[in-house]
Amino acid sequence: MPSIDLNKIFNFSLGQLTVEKIVSAVFLLVVLYIAARILVKMLKKLLSRFPLDRALQNFIVSVCRVCLYVLVGLIVADFLGVPTTSLVAVFSVAGLAISLSIQNTLSNLAGGVILLISKPFAADHYVEAGGVGGTVKEIGLIYTKVATPDNKIIHIPNSDISSSRIINYSTEEFRRVDVTYSASYDAPLETVKGALEQAIATIPEILHDKGHEPTVAVTNYGESSIDYVVRVWVKNSDYWPVNFALNEAVKYSFDKNNVEMTYPHLNVHLVKP
């Protein structure tokens, strides 16, 4: 970092300025300001051609605008004879102090830029990120606003999201429902699987096309029951309605086919001596 010579800055004499030099500096300032505005407009048009989020575009434009205005100020100051090297050193120290004081904010800002560039999710997607599950309402540069299923609005710091695992449930058009049911050992396998298939047939939202066929299979032989898994494909928006409807339909179908849904119990056999 260059040395800071405050004496040079404060010993700058206004007497060194002449009317001609001041007028020339003002003219230079106006020209450079107009040029900076033109460059900013050109940057906006250039960024609009890329698939970048509007918030990210505005952030890039704002940063470039500030940098250009600072550069204009330094050029004009140098023209007037102000020691710009010392000014740059002062600004560097001030920038370092400010960056240390807002370290967490800068971390969230960096996380927001990463999210807007990588786009792991978009508005209206249902995600699990930063330890929170809900529907994304807004992706900001500092916080991401998420609405939970019980309609609570949570603002998650972007640094928490960018550094954690993100699960996006809304990216794909179809989603698989996996549910496990237990039935008694007394019920034949064919009867239980038939009852589960009957329950599936009562729900029209379940897909039956090629590649999305329903599956019913035995997964485990437990201590007092046999576990059956039901895997069906649905449209993403139908996931929870089908999940709830399937649970009800299976209970009705088991009752109709005399299939017992078991629960943990202990059979005690008394043997006479």
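Computed values, structure above
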| quantity | calculated |
| --- | --- |
| Candidates 239, 221 - the one that is in the same structural domain as residue 203 (by TED's automatic domain parsing) and surrounded by 13 or more Cβ atoms within 10 Å (Cβ to Cβ) | 239 |
| Which listed residue is more than 30 Å from residue 110 (Cβ to Cβ), surrounded by 17 or more Cβ atoms within 10 Å (Cβ to Cβ) and touching a Phe, Trp or Tyr at 6+ places or on another chain (Cβ under 6 Å), from 183, 195, 199 | 195 |
| Hits in the range 27-45 - residues which are surrounded by 12 or more Cβ atoms within 10 Å (Cβ to Cβ) and closer than 30 Å to residue 138 by Cα | 37, 39, 40, 43, 44 |
| Residues (surrounded by 12 or more Cβ atoms within 10 Å (Cβ to Cβ) and not charged (D, E, K, R)) located in the range 242-253 | 242, 243, 245, 246, 247, 249, 250, 252, 253 |
| Residue within the range 81-90 that is on the phi > 0 side of the Ramachandran plot, outside the structural domain of residue 22 (by TED's automatic domain parsing), part of a loop (DSSP other than H, G, I, E, B) and modelled with pLDDT of 70 or more present | no |
| For residue 234: the one exception among (1) in contact with a strand residue (DSSP E or B) (Cβ under 8 Å, 6 or more places away or on another chain); (2) closer than 30 Å to residue 134 by Cα; (3) surrounded by fewer than 17 Cβ atoms within 10 Å (Cβ to Cβ) | (3) |
| Yes/no for residue 152 being touching a His at 6+ places or on another chain (Cβ under 9 Å) and of a type outside the set (Gly, Ala, Ser) | no |
| Enumeration of residues in the range 124-157 that are surrounded by fewer than 20 Cβ atoms within 10 Å (Cβ to Cβ) and hydrophobic (A, V, I, L, M, F, W, C) | 132, 142, 147, 153, 154 |
| Residue under evaluation residue 66, criteria (1) surrounded by 11 or more Cβ atoms within 10 Å (Cβ to Cβ); (2) modelled with pLDDT of 75 or more; (3) closer than 30 Å to residue 143 by Cβ, criterion not met | (1) |
| Pair list, Cβ < 6 Å and 6+ apart or interchain, from the range 183-212 residues that are modelled with pLDDT of 95 or more to residues that are loosely packed, with under 13 Cβ neighbours inside 10 Å | none |
| Members of the range 198-237 found to be among the hydrophobic types (A, V, I, L, M, F, W, C) and within 30 Å of the chain's Cα centre (by Cα), listed by number | 206, 207, 232, 233, 234 |
| Enumerated strands (runs of 3 or more DSSP E) restricted to the range 99-197, each holding at least 2 residues that are more than 17 Å from the chain's Cα centre (by Cα), within 30 Å of residue 259 (Cβ to Cβ) and in the same structural domain as residue 212 (by TED's automatic domain parsing) | 174-183 |
| Members of the range 252-262 that are touching a strand residue (DSSP E or B) at 6+ places or on another chain (Cβ under 9 Å) and either β-branched (Val, Ile, Thr) or free of Cβ contacts under 8 Å to residues at least 12 places away in the same chain (or both) | 259, 262 |
| Tally of residues being part of a loop (DSSP other than H, G, I, E, B) and more than 11 Å from residue 233 (Cα to Cα) across the range 198-209 | 3 |
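The values are calculated or read from the model by the stated rules, or taken from the named source; none is laboratory data. Just so it is clear, the model here is predicted, and its values are computed rather than measured. Glycine gets a Cβ as well: all are built from the backbone with ideal geometry, and neighbour counts include every protein chain shown.
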